[in-house]
Amino acid sequence: MLPVQQLRAGDHAFVSYGCDHAARDIVTTFAWTGLARQEKVVIFARPQLAEREVWARIDVPGPLVADARRCGQLAVSSMRALIHPHEQFTAARQWQRIEEETDQALAEGYRGLRTYIDMHWVPDLNADVAVMMHRETHADHLFADRPYTEICAYDVRWFAPDVLEAMHHAHPTSLLSRTGALYAEASPHGLRLVGEADMATREQFHAALRETLASSTRARQVSVDMSRLVFLSAACAEDLVQLTRSASSSGPVRILCRPEQAHLLRCVGAENLSHLVLREVSAE
């Protein structure tokens, strides 16, 4: 599980959405991140959307998107255009074209290619869902040692639950379904946090930490992995320090975090707790 901001070259990601606003946030963040990393970005939007609507969802005041559109770094396309002149979708044809587009992006001087593919192309092309699923489960070669990144976005209002479940497990990476969310996953070894810990998610952040620390045995080390947080507020950092200070367990609490998070935790008192151990890691 990753936030969209932490996708890297070679990632093949699944995301589902049930409202258009969430889909808009994901595609916009994905595109802007790619531009900032000097990658070429192609958006295969829902076929029902007019191109001007797609641009309106991505664009914000400022020159970055306009310049990227003008030079071709950011483009809006469709699955029909990608497989042209073929009219019927085949996995082989799509794979061929994506490889060609990746090579072209590199030849143009970009660091790689990233695509956002809304899976509404399946009904638009009257494609067999089984053919689409075969493509998704046999596409590893597109990402092996290649600077190609892809999001496959599934509308839960259209795809059957069993298809969504299968595709979720088929992709090596799954994304949080919206920006600004917090995902907390408890395990026998501790807690893993993904997304954003801020005012909007502070209650959830506090509850997950409290439960993890309360359930730990006296001698057991507790591990909290925060390396997949894209934002940690000062208030949430203070919550972590205070909860660790008051925890009944005498075992060490190990925090896996990025350097900037470690700095913030030290600023709010982490260095004064002997049983709170900060381990700086990279989110790459």
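The values are calculated or read from the model by the stated rules, or taken from the named source; none is laboratory data. Just so it is clear, the model here is predicted, and its values are computed rather than measured. All Cβ positions, even for glycine, are placed from backbone atoms using ideal geometry, and neighbour counts span all protein chains on display.
This table checks each residue for (1) under 21 Å from HIS21 (Cα atoms); (2) of a type in the set (A, V, I, L, M, F, W, C); (3) touching a residue at least 60 places away in the same chain (Cβ under 8 Å); (4) touching a Pro at 6+ places or on another chain (Cβ under 6 Å).
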position	(1), (2), (3), (4)
ASP155	yes, no, yes, no
TRP158	yes, yes, no, no
GLU165	no, no, no, no
HIS169	no, no, no, no
PRO188	no, no, no, no
GLU196	yes, no, yes, no
THR201	yes, no, no, no
HIS206	no, no, no, no
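Look through the stretch 148-176, keep the residues that are small (Gly, Ala, Ser) and surrounded by fewer than 20 Cβ atoms within 10 Å (Cβ to Cβ), and return whichever of them is farthest from GLU211 (Cα to Cα). I'd like the intermediate steps shown before the answer.
Of the residues in the stretch 148-176, the ones small (Gly, Ala, Ser) are 153, 160, 166, 170, 174.
Next, from what is left, pick out any that are surrounded by fewer than 20 Cβ atoms within 10 Å (Cβ to Cβ): 160, 166, 170, 174.
Details: ALA160: 35, ALA166: 31, ALA170: 31, SER174: 25 Å.
Only one residue fits best here, namely ALA160.
Hey, can you tell me all the residues within the stretch 182-200 that are aliphatic (A, V, I, L, M) and either surrounded by fewer than 17 Cβ atoms within 10 Å (Cβ to Cβ) or within 26 Å of LEU142 (Cβ to Cβ) (or both)? Don't jump to the end; show me each part of the working.
Of the stretch 182-200, the ones aliphatic (A, V, I, L, M) are 182, 184, 186, 191, 193-194, 197, 199-200.
Result: ALA186, VAL194, MET199, ALA200.
If you check every pair at least six apart or on different chains, which have Cβ atoms under 7 Å apart with a residue in the stretch 120-147 that is surrounded by 15 or more Cβ atoms within 10 Å (Cβ to Cβ) first and a residue that is charged (D, E, K, R) second?
HIS120/ARG46; HIS120/ASP155; LEU125/ARG80; LEU142/GLU99; PRO147/ARG111
Where in the stretch 1-74 are there helices (runs of 4 or more DSSP H), lying fully within it, with 2 or more residues that are in the same structural domain as ALA166 (by TED's automatic domain parsing) and touching a Leu at 6+ places or on another chain (Cβ under 7 Å)? Before the answer, list the steps.
Values: elements: 20-36, 51-58, 63-71.
Because the criterion is at least 2 residues that are in the same structural domain as ALA166 (by TED's automatic domain parsing) and touching a Leu at 6+ places or on another chain (Cβ under 7 Å), the helices (runs of 4 or more DSSP H) in the stretch 1-74 that meet it are 20-36, 63-71.
Determine, yes or no, whether GLN48 is touching a residue at least 60 places away in the same chain (Cβ under 8 Å), surrounded by fewer than 20 Cβ atoms within 10 Å (Cβ to Cβ) and closer than 26 Å to GLU165 by Cβ.
On the way: touching a residue at least 60 places away in the same chain (Cβ under 8 Å): yes; surrounded by fewer than 20 Cβ atoms within 10 Å (Cβ to Cβ): yes; closer than 26 Å to GLU165 by Cβ: yes.
Yes, satisfied.
Got a number for residues in the stretch 7-26 being touching a helix residue (DSSP H, G or I) at 6+ places or on another chain (Cβ under 9 Å), of a type outside the set (Gly, Ala, Ser) and under 20 Å from PHE231 (Cβ atoms)?
5
Quick one: which residue in GLU271, GLU260 is modelled with pLDDT of 90 or more and over 21 Å from the mean Cα position of the chain (by Cα)?
Numbers: GLU260 fails: over 21 Å from the mean Cα position of the chain (by Cα).
Only one candidate qualifies: GLU271.
What is the number of the single condition among (1) under 24 Å from GLY34 (Cβ atoms); (2) not β-branched (Val, Ile, Thr); (3) not in a loop (DSSP other than H, G, I, E, B) that ALA92 does not meet?
Only one criterion in (1) under 24 Å from GLY34 (Cβ atoms); (2) not β-branched (Val, Ile, Thr); (3) not in a loop (DSSP other than H, G, I, E, B) is unmet by ALA92, namely (1).
Being under 23 Å from LEU2 (Cβ atoms), modelled with pLDDT of 95 or more and among the small types (Gly, Ala, Ser) is the requirement here; does ALA207 meet it? Full working, then the answer.
On the way: under 23 Å from LEU2 (Cβ atoms): yes; modelled with pLDDT of 95 or more: yes; among the small types (Gly, Ala, Ser): yes.
So ALA207 passes the test.
Please go through the stretch 1-39 and pick out each residue that is among the aliphatic types (A, V, I, L, M), without any contact (Cβ under 8 Å) to a residue 60 or more places away in the chain and closer than 19 Å to PRO172 by Cβ.
So in the stretch 1-39, the residues among the aliphatic types (A, V, I, L, M) come out as 1-2, 4, 7, 9, 13, 15, 22-23, 26-27, 31, 35-36.
Okay, now just the ones that are also without any contact (Cβ under 8 Å) to a residue 60 or more places away in the chain, so 35-36.
The answer is none; no residue qualifies.
Before we move on, is GLN48 within 17 Å of ILE117 (Cβ to Cβ) and at pLDDT below 95?
Working: within 17 Å of ILE117 (Cβ to Cβ): yes; at pLDDT below 95: yes.
Yes: the conditions hold for GLN48.
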